[in-house]
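Novice: Before we start, here is the structure in question, set down as structure tokens.
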Amino acid sequence: MGGSGSGRRGYLTKTTAENCHKVDANSLARWEFFKPGGRNEVTRWSRGGNETGSVGIRTSIDNKRAICVFQYNCKEITVNLSWFSPGYGGRRYFFICPECGKRMRTLFFKKSKIACRLCHNLTYESSNHNYYFDSAYKWMASNTKIPWEAVKVYMRLKMRAAKKEPKRPRGRPRKVRTEVA
Ligand SMILES: [Zn+2]
């Protein structure tokens, strides 16, 4: 019993981004919450097939204003949405963090407070390469009017496309054996 341990002490007590309830704007987009008019639905979180919590999400989308109202722990919290058009049609939505006012793709729910990862002071237990290049993307966007998130989306598409390209064969080309009669 016990064993030497993996060195991850306090794993269960520390609140990390992974074990927090969260909502990300891309999922809401996929679930059609950002269609004109909006949508009103209860979303449930689960782990291992068991429900661990739920949140009521009501969006209100028109040309001028986009908001998202969360009903969480008997409280109603209104979060403003921000969007940009990435160029290939449609809109990409972000939450405006109610605490810091920054544009964030993911909001976390902790003790009835809805805020971004930084405002909740959450860390990632596992190193998450999704965030690895963020400072580079910010730098690339710094002299343009393009939001850095758009650079990130663009670069990700490029990287994904590059991965799909056939790999160059490794090593020396194989000698073709010729039979000598
Ligand atoms: Zn924040």
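Bear in mind that the values in this text are calculations on the coordinates, not laboratory data. None of these values were measured; they are calculated from a predicted model. Using ideal geometry, Cβ is built from the backbone for each residue, glycine included, and neighbour counts are taken over all protein chains shown.
Novice: So, R0 is 22 Å and r is the distance between the beta-carbons of K163 and Y132; what FRET efficiency does that work out to, to 0.05?
Specialist: The formula returns an efficiency of 0.90 here.
Novice: Do any of K102/K164; K64/K145; K102/K145 go past 27 Å between their Cα atoms, and which?
Specialist: Check vs 27 Å cut-off fails for K102/K164.
Novice: Compute the convex hull volume of the Cα atoms of segment 45-166, divide it by the residue count, and report the result per residue in Å³ as a whole number.
Specialist: Roughly 175 Å³ of hull volume per residue.
Novice: Between H21 and W139, take the C-beta separation as r, use R0 = 22 Å, and let me know the FRET efficiency to the nearest 0.05.
Specialist: 0.10
Novice: Still on this structure: Evaluate the distance, in nm, between pseudo-label points positioned 7 Å from the Cα of I146 and of T52 along their respective Cα→Cβ axes.
Specialist: The modelled label-to-label distance comes out at 3.6 nm.
Novice: Could I ask something else about it? Counting Lys +1, Arg +1, Asp -1, Glu -1, what net charge surrounds F108 among other residues with beta carbon under 11 Å of its beta carbon?
Specialist: +2
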